[in-house]
Amino acid sequence: MAKATRRPKEFTQAQLYELRHNPNVSSIEGRNITYTPVFKIAAIRADQDGIRPREIFIRGGFCLEAIGTDTPKRCLQRWRAIFDKYGEKGLMNEGRQRHDRKHWTLEEKLQDKLHVAEEQIRLLKDENAQLKRELRELQKLYAEKPKRLYVRNRVSEH
């Protein structure tokens with residue numbers, strides 16, 4: 001297995017030229033590469049088909065020495081999380097912006113609120129179940145522990 005290489009601190013002129021002319025790159029700012037939404041969606045689809053992240057980026061025309069060998073894996077993890085939460089629409093956002101809710105339709109906002117409320121309910125139910133288990137354990141321990149009465153210098157079991 002090849003050792004993962006870190007992305008260089010700065011791109012060389014040749015690497016910058018190659019990246020700027022890659023149709024899958026939307027923009028480059030310093031060390032940050034912004035990939036096109038079409039590439040992101042295609043990469044997610046290829047990942048779902050079982051193609052390895054590095055292979056996806058090589059097929060996309062990227063030199064792993066320039067972007068770093070661990071970059072494909074990290075990008076796909078990030079894109080998968082966005083895709084799972086927001087679908088293709090989430091990947092359509094350009095750049096490193098947050099997935100603003102202000103551009104959502106009313107139905108999307110309500111759906112998101114419902115999802116958040118359902119998750120809170122699930123967490124509260126889990127917490128209640130855990131507390132009930134702990135209470136039963138404490139009651140069981142208390143019931144098993146013999147009661148002792150202290151009468152002047154003598155202990156009697158009750």
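Data overview
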{"quantity": "The range 55-61 - phi-based ³J(HN,Hα) in whole Hz, Karplus 6.51/-1.76/1.60, Gly and Pro as x", "calculated": "5, 4, 6, 5, 5, x, x"}
{"quantity": "Other-chain or far-sequence residues with amide H under 5 Å of residue 24's (modelled H)", "calculated": "none"}
{"quantity": "Gyration tensor (alpha-carbon) shape descriptor, the range 41-93, a/c threshold 1.5", "calculated": "prolate"}
{"quantity": "Cα-projected label distance for residue 137 with residue 55, points at 7 Å along beta-carbon direction, nm", "calculated": "4.6"}
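Rule-based calculations on the coordinates, nothing more; no lab input. This structure is a prediction, so every number in the text was calculated from the model and none was measured. For neighbour counting, all protein chains shown are included, and Cβ atoms are generated from backbone atoms with ideal geometry for every residue, glycine included.
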